[in-house]
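What follows is a set of notes on a single structure, which appears directly below.
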């Protein structure tokens with residue numbers, strides 16, 4: 001057999017061996033990353049359980065509330081007025097013991113914290129202690145799902161609008177370095193240090209309180225319009241001030257950051273070489289500026305989308321917006337641990353999945369990224 005004929009099977013063997021090696025490294029890398037991210041989620045959720053329960057102090061608060069409520073019921077019940085003080089005390093202690101056993105408060109908090117962790121990780125979010133959904137249910141799942149659409153509508157619209165607007169303006173300013181508009185955005189970038197609710201207060205004062213052309217807050221007019229079109233227009237009108245406030249609080253810093261990022265890539269040697277070859281500005285931006293920055297753009301975009309879940313507690317409270325942020329703010333004030341933990345767990349899972357997928361997306365978008373063995 002000739003040497004050329006033997007070379008073909010050898011190439012095939014080497015190709016199959018390379019694919020098997022690459023698949024093994026990819027599988028090993030995926031497993032390691034998955035286990036690492038899962039351990040991080042477990043630690044984060046457990047810390048949330050401990051903080052939300054204040055290390056077990058919330059149990060003491062609940063025990064005190066149980067004892068107080070039962071004592072009031074026994075003292076005010078006409079059926080027990082003839083009982084002696086000792087008999088009433090024994091009755092109160094017995095009812096307190098049964099109620100604490102029913103709620104699991106008779107067990108040490110350390111044991112209960114691991115049960116909280118197990119339920120949270122398996123998405124058995126349970127029932128809220130004090131909060132209710134609009135339908136009257138205390139299921140944490142229903143409470144969160146009821147508030148989710150309002151948060152996604154407001155923050156989804158605003159964040160996507162801000163993201164693409166910032167990219168467009170930043171790319172435009174990177175072509176006009178040192179112009180009046182470029183200097184203006186650089187000068188105004190420190191204004192983004194103020195949060196959105198800070199600007200919201202002024203906008204409410206001007207447009208709702210003084211000019212009276214926009215509503216103070218809430219999701220829709222009261223009473224809500226009956227037809228779908230009028231209802232949608234009412235919601236859009238109520239979204240104007242919140243979107244204006246969030247945009248004002250972030251637009252200048254966001255544009256400044258992306259503009260600086262694009263300028264760094266615009267000064268690379270391969271960009272100068274492309275200019276020397278006579279390529280058009282649009283082609284250079286698309287191939288040599290946007291393409292290398294695509295992983296960072298995708299990262300910011302995905303983290304922005306996942307960040308929609310949390311809402312903004314103070315911001316939604318200022319605008320009386322019935323979203324997840326306001327719900328979380330109310331849950332913290334009421335020490336409603338299941339609602340706090342449930343919201344955090346969902347966000348932790350979404351963030352972990354995003355980080356995991358980003359590693360794969362990096363390898364696809366950026367040929368410089370390699371999966372290590």
**Request:** Report yes if residue 203 is in a helix (DSSP H, G or I) and more than 16 Å from residue 248 (Cα to Cα), otherwise no.
**Result:** no
**Prompt:** Restricting the search to the range 210-219, which residues are surrounded by 14 or more Cβ atoms within 10 Å (Cβ to Cβ) and without any contact (Cβ under 8 Å) to a residue 60 or more places away in the chain?
**Reply:** 214, 215
**Residue satisfying condition, being without any contact (Cβ under 8 Å) to a residue 60 or more places away in the chain and loosely packed, with under 13 Cβ neighbours inside 10 Å, within set 99, 68** = 68
**Request:** From the list 160, 144, 117, 173, pick out the single residue that is in the same structural domain as residue 43 (by TED's automatic domain parsing) and in a helix (DSSP H, G or I).
**Result:** 117
**Prompt:** Can you tell me which residues in the range 219-248 are more than 25 Å from residue 304 (Cβ to Cβ) and not in a helix (DSSP H, G or I)?
**Reply:** 220, 221, 222, 223, 224, 225, 226, 227
**Message:** I need the full set of residues from the range 351-363 which are closer than 25 Å to residue 329 by Cα and surrounded by fewer than 16 Cβ atoms within 10 Å (Cβ to Cβ), in order please.
**Reply:** none
**Asked** Of the numbered conditions (1) modelled with pLDDT under 90; (2) buried (at least 18 other Cβ atoms within 10 Å of the Cβ), residue 222 satisfies every one except a single condition; which is it?
**Response** (2)
**Request:** For the range 237-252, state whether one or more residues are farther than 18 Å from residue 318 by Cα, in the same structural domain as residue 177 (by TED's automatic domain parsing) and surrounded by fewer than 18 Cβ atoms within 10 Å (Cβ to Cβ).
**Result:** no
**Request:** Could you list all residues from the range 302-335 that are outside any helix (DSSP H, G or I) and at pLDDT below 85?
**Result:** 308, 309, 310, 311, 312, 335
**Asked** If you go through the range 266-291 one residue at a time, how many are farther than 19 Å from residue 164 by Cβ and in a helix (DSSP H, G or I)?
**Response** 14
**Fill in**
Quick count over the range 29-49, residues being within 12 Å of residue 113 (Cα to Cα) and more than 20 Å from the chain's Cα centre (by Cα), is 0
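The values are calculated or read from the model by the stated rules, or taken from the named source; none is laboratory data. Everything numeric in this text was worked out from a predicted model, so none of it was measured. Every residue, glycine as well, gets a Cβ built from its backbone with ideal geometry; the counts of neighbours run over all protein chains shown.
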